[in-house]
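The structure appears below as structure tokens.
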Amino acid sequence: MPSPDIANGVLKGTIDATGVKVFAVSASSRVNLTATLKSGVTATRKIELSADGGDEFFPVDYDVTTATMLVLAIGTPISHIRFTGAAGDTWSVR
């Protein structure tokens, strides 16, 4: 997968054929991020968080859920964000 794009403080990319993108975050400090997944495939899409280096991920309650998008505000120490969707779906972290 090509490198993610960075513009105006937003890191974004496209999910490849595996259907999963794992994004590493600094686990040593509290982070305030907004994670977004744009996907039309509601059955498989999800955003999960890890606090242990990406070994285990846990489900979350989303701040916004629409037919085409999931949005999650994060304000706790985490190490990884995992986006699951379909090939071509877009993810972003701001």
* Consider all pairwise Cα distances in the range 29-86 and report the whole-number % of them above 19 Å. => 25
* Label-point gap, in nm, between Ala87 and Val60 - each point 7 angstrom along Cα→Cβ -> 2.7
* Enumerate the calculated ³J(HN,Hα) couplings along the range 78-94 in order (Karplus 6.51 cos²θ - 1.76 cosθ + 1.60, θ = phi - 60°), each rounded to whole Hz, writing x wherever the residue is Gly or Pro. => 9, 10, 8, 10, 10, 9, 10, x, 10, 3, x, 5, 10, 10, 8, 10, 10
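Quick note: the coordinates plus some simple rules give every number you see, no bench work behind them. Nothing here was measured: the structure is a model prediction, and the numbers come from that model. Heads up, the Cβs are rebuilt from the backbone with ideal geometry, glycines too, and the neighbour counts pull from every protein chain shown.
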